[in-house]
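To start, the structure itself, in structure tokens.
The values are calculated or read from the model by the stated rules, or taken from the named source; none is laboratory data. Since the structure is predicted, the reported quantities are computational estimates derived from the model, not experimental observations. Cβ coordinates were reconstructed from backbone atoms using ideal geometry, including for glycine residues, and neighbour counts include every protein chain displayed.
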Amino acid sequence: MTHLSLSGAVLTIKPTHSPPTSPSVVTQTPPSSTPSTGPSPEIVVTTGLNDSVGVVTPEVPTATPVVTPLILPVPTKAPAAPPTPSAESPSLTTLKTGVLATTEPPTPDPTPTQSTSEPETDTPSAPADATTADFSKPPGTICIFSFPNVYKELFTLSSVCSVILMDCCCVFLLFSCNEDDGGQGKFLLPFSLKFSSIMAVMVALSSLLVIVFIIIVLYMLRFKKYKQAGSHSNSFRLTNGRADDTELQSVPLLARSPSTNRKYPPLPVDKLEEEMNRRMADDNKLFREEFNALPVCPIQASCDAASKEENKEKNRYVNILPCKHAYTRATRVHLTSLEGVPDSDYINASYINGYQEKNKFIAAQGPKEETVNDFWRMIWEQNTATIVMVTNLKERKECKCAQYWPDQGCWTYGNIRVSVEDMMVLVDYTIRKFCIQQVGDVSGKKPQRLVTQFHFTSWPDFGVPFTPIGMLKFLKKVKNCNPQYAGPIVVHCSAGVGRTGTFIVIDAMLDMMGAERKVDVFGFVTRIRAQRCQMVQTDMQYVFIFQALLEHYLYGDTELEVTSLESHLNKLYAPLPGAGCGGMEAEFKKLTSIKIQNDKMRTGNLPANMKKNRVLQIIPYEFNRVIIPVKRGEENTDYINASFIDGYRQKDSYMACQGPLQHTIEDFWRMIWEWRSCSIVMLTELEERGQEKCAQYWSSDGVMVCGDMSIELKREEESESYTVRDLLVTNNRENKARAVRQFHFHGWPEVGIPSDGKGMINIIAAVQKQQQQSGNHPITVHCSAGAGRTGTFCALSTVLERVKAEGILDVFQTVKSLRLQRPHMVQTLEQYEFCYKVVQEYIDAFSDYANFK
């Protein structure tokens, strides 16, 4: 009976034949298939009287190629076995399954014998038949023999009934089920175990069971947590130096090559809307599944440079690092090393491919105070002309990015001088132009370069932008302004993966849509994640990409140069073949197809607030409704039928509201006071066609008192198409007063639209002048319901301001954006057509466009 252990494995065998009386040990040395300078390692097995587990160690002789048989005596009642000559062992190989394989040895002879090994040759040869080890030795014998022989013997003995894997160490316990023992499973141990040994085994087994139980419990708890994460299982948050852009969970690394998953193949653009609706059903269930199927990051990723002690402070988040992957070339951006500064070539930035354009982008983290100099060094060395910033400096009171540019004048960062040349602030983004130059050049011949930064400011602290319209405008501006000769476009947010990845994917898929009439979002995200881990960070960002692509596919590019407006109008007035209507009507029908989200009007539909609505179909959405202070001791007093509306240069430029009802006049003035509105535009008469359109919310003479507010008319002046009233509004509770100017437009007839656009152009100019004097607080605009004429005024004011600033107009997208913010803005086809007419009149009023550019 022999006790064999292989790395902790115990093998016990009882032969069916009678054991010999004289113990002997036969050892074998394996033949070599190739010339060698030393013998192959052998398995050394030790057993003892009180051993519960044997120890197996590889024995590598260093002097002679022949292994001397080793027998070490262990104190036992029986004498130690004498040494015997060694025999050649069969060669050991490893199969793909991880099991040791060998040439088949002959069946052991029941009579103990000694065998000699064949001498090793210099040429490869098949192993000779080797004799097997004798398993009849008494306990306490240390044997050297080949494991495959035991393995062979193990599975040829008729007494073997089962093999049990225990203690994670491959422990084999064999027991007999022969007829001579009555089929009773007797454990065959190599020697008689003492009670302490048995207890040790039992304790070990008990410990193993406890460990297995704990592992199972921990696994179940982790699985439950992972499952609860739901759509965020492939997304994560960057907080306190850990990963996070919107929703961070700890996620496993997946080893998956960037090959396209055929479950999510490229999608033809004509199927895009249908697939969007299907995948967005059931709260974006299919989109979440698709996003979670993306590879997070290849497990073979190597981040040696980023993990160096000298570079740790240069990383904003410890788990967002530029890495090198097993199946891609290194994508980390390398800076030119500074003399005497170790690891000065490192910056947390990665090259990212565009659509069929290698290294079109550099995805970088938002610069830290410690890395601003490195950032500008990268801009210079990479010959970058365009920087795309997709984060604000602070969000949720957390620093997301250091300000790496001067507000005005110039500043030197390392050896790069940065001067501010120009800045334009718009509603969704800001454009800054910098002039950069290397310093330290005595000759003064170092060239200057122009770098343009496009800073997208409309990404909310949580989630994604409400509509992709602003992002598409922003992206188009970036494309048009980036010079052909320039190096990679540097794109960064905070971590350089979530919003950065979203921008890059939209850009690439728009290019693919134009070239192939299909998009492959899943495949492209998979590929760029091989260049930088976690690109496109959340399922919301993933869905937003599809929304942007669908927006572009359905509506296209509707921006116009002012010089092409006349020809465009001719097309709109011409009938469309097979459509049964003109281009203008077809364009407006697209606007009316936008669904009104009635489920997002909860507050306005409360029973206590229904009586405050003049028209039940026009109720503000929750996300942008104007909230007024609650009256003390009264519930549901924070509601008024008014919505914040974005303008051309800033958000919440307007408060679009209905004409006050008699019982909502006080709420109207509380809104004016709370939001510090200094300009009111009234686009209706108090009564039209015998019906009240608006309650008179000011006094013709004297003072009107509305709760805590007092309104006094100070001055009234008539103009050609509108009346200007200067009002003094006093908050009696706070004992403060403010001046408010009302512009009452009379040029809108009771039916239809104004006969020309002159009056509207004049009142818009007057209101904008007033705003410059009083400050950029919201302009209050109302008609009767706060939609048709109100929407037309807001649309024209926004479009004309852009025409003056950029020489570009986009009536369609402007009105579409308004309708997404408040139902039925620009209510009729006549009003929509009137917007185009007014813009055309405005342009025609100038013989030279440069006069108003």
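Every condition in (1) assigned to a loop (DSSP other than H, G, I, E, B); (2) crowded, with 20+ Cβ neighbours inside 10 Å is met by residue 824 except one, and the failing one is (2). Each residue in the stretch 628-647 was checked for being in a loop (DSSP other than H, G, I, E, B) and not charged (D, E, K, R), and 7 pass.
For (1) more than 12 Å from residue 388 (Cα to Cα); (2) hydroxyl-bearing (Ser, Thr, Tyr), each residue gets a yes or a no:
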| site | (1), (2) |
| --- | --- |
| 469 | yes, no |
| 472 | yes, no |
| 475 | no, no |
| 486 | yes, no |
| 490 | no, no |
| 493 | no, no |
| 497 | yes, no |
| 500 | no, yes |
| 504 | no, no |
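What's the number of the condition residue 773 fails, among (1) in contact with a Ser or Thr (Cβ under 9 Å, 6 or more places away or on another chain); (2) part of a helix (DSSP H, G or I)? In the conditions (1) in contact with a Ser or Thr (Cβ under 9 Å, 6 or more places away or on another chain); (2) part of a helix (DSSP H, G or I), residue 773 misses (1) alone. Name the residues in the stretch 409-428 that are out of contact with any helix residue (DSSP H, G or I) (no Cβ under 6 Å at 6 or more places or on another chain) and under 19 Å from residue 375 (Cα atoms), would you? Once the filter is applied, which keeps residues that are out of contact with any helix residue (DSSP H, G or I) (no Cβ under 6 Å at 6 or more places or on another chain) and under 19 Å from residue 375 (Cα atoms), the stretch 409-428 yields 410, 411, 412, 415, 417, 418, 419, 420. Being in contact with a helix residue (DSSP H, G or I) (Cβ under 6 Å, 6 or more places away or on another chain), more than 24 Å from residue 838 (Cβ to Cβ), in contact (Cβ under 8 Å) with a residue 24 or more places away in the chain and aromatic (Phe, Trp, Tyr) is a property that does not hold for residue 648. Checking the structure you have, find out if any residue of the stretch 637-647 is of a type in the set (A, V, I, L, M), within 24 Å of residue 457 (Cα to Cα) and either in the same structural domain as residue 707 (by TED's automatic domain parsing) or at pLDDT below 95 (or both). Checking the stretch 637-647: at least one residue is of a type in the set (A, V, I, L, M), within 24 Å of residue 457 (Cα to Cα) and either in the same structural domain as residue 707 (by TED's automatic domain parsing) or at pLDDT below 95 (or both). For residue 613, the conditions (1) free of Cβ contacts under 8 Å to residues at least 12 places away in the same chain; (2) in contact with a strand residue (DSSP E or B) (Cβ under 7 Å, 6 or more places away or on another chain) all hold with the exception of (1). Among residues of the stretch 492-551 being in contact with a Phe, Trp or Tyr (Cβ under 6 Å, 6 or more places away or on another chain) and surrounded by fewer than 24 Cβ atoms within 10 Å (Cβ to Cβ), the one that is farthest from residue 286 (Cα to Cα) is 511.
Being closer than 30 Å to residue 836 by Cα, surrounded by fewer than 18 Cβ atoms within 10 Å (Cβ to Cβ) and under 35 Å from the mean Cα position of the chain (by Cα) narrows it down to one of 558, 563, so name that one.
Just a single option satisfies the conditions, and that option is 558.
Looking only at residues of the stretch 296-331 that are surrounded by 16 or more Cβ atoms within 10 Å (Cβ to Cβ) and basic (Lys, Arg), we find that the one that is modelled with the highest pLDDT is 316. Taking strands (runs of 3 or more DSSP E) as the structural unit, those lying wholly within the stretch 648-745 and holding at least 1 residues that are more than 30 Å from residue 467 (Cα to Cα) and at pLDDT 95 or above correspond to 703-706, 709-718, 722-731, 736-745. Looking at the stretch 341-355, which of the residues that are within 24 Å of the chain's Cα centre (by Cα) and aliphatic (A, V, I, L, M) is nearest to residue 320 (Cα to Cα)? Here the answer is 349. Residues that are in contact (Cβ under 8 Å) with a residue 40 or more places away in the chain, within 21 Å of residue 466 (Cβ to Cβ) and part of a loop (DSSP other than H, G, I, E, B) occur in the stretch 585-596; there is at least one.
Of the residues that make up the stretch 476-484, is at least one over 29 Å from residue 799 (Cβ atoms), touching a helix residue (DSSP H, G or I) at 6+ places or on another chain (Cβ under 7 Å) and not acidic (Asp, Glu)? There is no residue in the stretch 476-484 that is over 29 Å from residue 799 (Cβ atoms), touching a helix residue (DSSP H, G or I) at 6+ places or on another chain (Cβ under 7 Å) and not acidic (Asp, Glu).
Can you tell me which residues in the stretch 761-795 are of a type in the set (Lys, Arg) and buried (at least 24 other Cβ atoms within 10 Å of the Cβ)? Across the stretch 761-795, the qualifying residue is only 789. Does residue 448 meet the test of being in the same structural domain as residue 545 (by TED's automatic domain parsing) and more than 33 Å from the chain's Cα centre (by Cα)? Spelling it out, residue 448 is indeed in the same structural domain as residue 545 (by TED's automatic domain parsing) and more than 33 Å from the chain's Cα centre (by Cα).
For the criterion of being in contact with a Lys or Arg (Cβ under 8 Å, 6 or more places away or on another chain), charged (D, E, K, R) and at pLDDT below 95, residue 370 passes.
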